[in-house]
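The values are calculated or read from the model by the stated rules, or taken from the named source; none is laboratory data. Nothing here was measured: the structure is a model prediction, and the numbers come from that model. No Cβ is skipped: glycine too gets one built from the backbone with ideal geometry, and neighbour counts run over all protein chains shown.
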Amino acid sequence: MESLEEKISLIDKTRVPCHVAMIMDGNGRWAKKRGLARGDGHMEGISTVHRVTKFSSDIGVKYLTLYAFSTENWNRPDDEVATLMYLIGWAIERELPELLANNVRIHLLGDIGRVPAASRERLDYAVSSTAHCTGLQLNICLSYSSRWEITEAARRMAREAAAGKLDPDAITEQTVAGHLATAGMPDPDLLIRTGGEERISNYLLWQIAYSELYFTDVLWPDFTNEEYADALIDYQGRERRYGKTSEQVAAE
């Protein structure tokens, strides 16, 4: 089996994806397999977030977007929701010194107003504290779903049109993109989902129109840097055509 160093040597540093998005699936199943509470799985998953953030920064990824909590997740049992909300705030506070040391900027995507005040204060503090950082941008999708995001964008454009600030006939794809939560960011080059499921789960539906998708059976707490390196190597072995032919891509 190749070591992490050997796998890193196979990664072309000039073709590292600019933006990687991840669906962090499998915390609950990881805990259940070990006879633990689901909260223990979420706690272990925080260690994986730490690893992939550091690895992303070191390898040259510019944007890392993590699906931390969906709008649908509010429907989970109250005790699990409370645990998740606490852990998210606690984790960001714990990680803040190292995020600052690694020049990582925090950005939140989602209906943050629904997040409990104590966790929101910790998150807001992390955002303001890292606003000056110029390295990796860590996007945390919290109380987020793509349908929510697109609906909110449609509402904003409708209000602007009603106020005479936006001509409906002048709306382009760029206009829509500029009203999304990811405005100003490049679309993900690579979407990784752990946990064995092969679906998108209402995540970045507009933005991943041409993203490369990578699914792994590994549960999120077990997702190592070696697994991440495998995903990057697989990504670099693909041909991204954006609707063109292989010949056109080669000529370009």
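The table below lists the values:
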| read-out | value |
| --- | --- |
| Some residue of region 114-129 being acidic (Asp, Glu) and within 19 Å of the chain's Cα centre (by Cα) | yes |
| Residue that is farthest from Arg76 (Cα to Cα) [pool: residues in region 19-39 that are outside any helix (DSSP H, G or I) and not aliphatic (A, V, I, L, M)] | His19 |
| Matching residues in region 164-197 - criterion: being touching a Gly at 6+ places or on another chain (Cβ under 8 Å) and crowded, with 17+ Cβ neighbours inside 10 Å | Ala181, Thr194, Gly195 |
| Any hit, region 220-228, residues being in contact with an Asp or Glu (Cβ under 7 Å, 6 or more places away or on another chain), assigned to a strand (DSSP E or B), at pLDDT 95 or above and within 27 Å of Gly28 (Cβ to Cβ) | no |
| Candidates Tyr203, Tyr235 - the one that is among the hydroxyl-bearing types (Ser, Thr, Tyr), under 22 Å from Phe55 (Cβ atoms), at pLDDT 95 or above and touching a Cys at 6+ places or on another chain (Cβ under 9 Å) | Tyr203 |
| Out of His50, His42, sole residue that is out of contact with any Cys (no Cβ under 6 Å at 6 or more places or on another chain), under 24 Å from Ala229 (Cα atoms), assigned to a helix (DSSP H, G or I) and modelled with pLDDT under 95 | His42 |
| Any hit, region 177-192, residues being assigned to a helix (DSSP H, G or I) and either over 15 Å from Leu66 (Cα atoms) or not acidic (Asp, Glu) (or both) | yes |
| Condition met for Ser57 (of a type in the set (S, T, N, Q) and either over 24 Å from Ala183 (Cβ atoms) or assigned to a strand (DSSP E or B) (or both)) | no |
| Search result, residues across region 198-210 that are closer than 19 Å to Cys141 by Cα and either out of contact with any strand residue (DSSP E or B) (no Cβ under 7 Å at 6 or more places or on another chain) or surrounded by 21 or more Cβ atoms within 10 Å (Cβ to Cβ) (or both) | Arg199, Ile200, Tyr203, Leu204, Leu205, Trp206, Gln207, Ala209 |
| Hey, Arg38 of a type in the set (Lys, Arg) and surrounded by fewer than 18 Cβ atoms within 10 Å (Cβ to Cβ) or not | no |
| Among (1) free of Cβ contacts under 8 Å to residues at least 12 places away in the same chain; (2) under 24 Å from Ile11 (Cα atoms), the one test that Tyr214 misses | (1) |
